[in-house]
1. Note the listed values [x] 14.4; [y] 17.8; [z] 19.1, then indicate which one is Kirkwood radius over Cα pairs in Å calculated from this particular structure.
2. Under a point-charge model restricted to the Cβ atoms of Lys and Arg (+1) and Asp and Glu (-1), what is the dipole moment magnitude of the chain relative to its Cα centre, in debye to the nearest 20?
3. For the chain, set up a GNM with springs between Cα atoms under 10 Å and report which of P34, P60, P74 has the largest fluctuation.
4. Along the charge dipole of the range 63-131, Cβ charges K/R +1 and D/E -1, which of A91, L105, Y63 sits furthest on the positive end?
5. For labels at L124 and R110 in the simple 7 Å Cα→Cβ model, what's the distance in nm?
6. Report the charge-dipole magnitude of the range 63-131 in Debye, nearest 20, computed about the Cα centre from +1 at each Lys and Arg Cβ and -1 at each Asp and Glu Cβ.
7. Which ³J(HN,Hα) values, rounded to whole Hz and listed in residue order, are derived for the range 64-70 from phi using the Karplus coefficients 6.51, -1.76 and 1.60 in 6.51 cos²θ - 1.76 cosθ + 1.60 with θ = phi - 60°, glycine and proline given as x?
8. What ranking do I51, I58 get, fewest neighbouring Cβ atoms within 10 angstrom at the top?
Amino acid sequence: MFCFFYFLNCDSSIEIYKHNKEERIARTWGTTAPGLPYVEEAITGAGNWLIGGDLEVINPINYNDDLDRFRLSPAQLRDEFERRNADAVFAFQLRNPVHNGHALLMTDTRRRLLEMGYKNPVLLLHPLGIH
């Protein structure tokens, strides 16, 4: 079985759901208007079933494109946040290269977290569209 960046092993506690694509699109983007970014490749072209439950990564996929070291699992991300002594993590998921507007949002978010009393907020920059 293939799911995003990993081959998975499923035990007997899996849950299978019908993939209601139109509802998922509406809940994600707030509309079902044509031309929404990534709808065709991420949702419309996906299978008709969703799987959940206890899943185990058997073997991470490597693309051998010099970016594999940046594709971290959730456990690796948690370890990295702990290593950096992060008391807050703020994330930006982008489909385009960072521009001034993004930089201003990131800077403002960090400033607000510091004002709220966090001592070491860490940014997770999560690009879309990169294998």
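1. For Kirkwood radius over Cα pairs in Å, the calculated option is [y].
2. Working: 14 positive and 17 negative charges, 103 e Å.
Dipole of the chain, to the nearest 20 debye: 500 debye.
3. Result: P34 has the largest fluctuation of those listed.
4. Of A91, L105, Y63, it is L105.
5. 1.8
6. Working: 10 positive and 9 negative charges, 40 e Å.
Computed charge dipole of the range 63-131: roughly 200 debye.
7. These are the phi-based 3J(HN,Hα) values: 6, 10, 6, 10, 4, 5, 8 Hz.
8. Values: I51 15, I58 10.
Ranked by crowding around the Cβ, least crowded first: I58, I51.
Each reported figure results from applying straightforward, stated rules to the coordinates on display, with no laboratory input. Just so it is clear, the structure is predicted and the values come from calculations on it, not from any experiment. Glycine also receives a Cβ, built like all others from the backbone with ideal geometry; neighbour counts cover every protein chain displayed.
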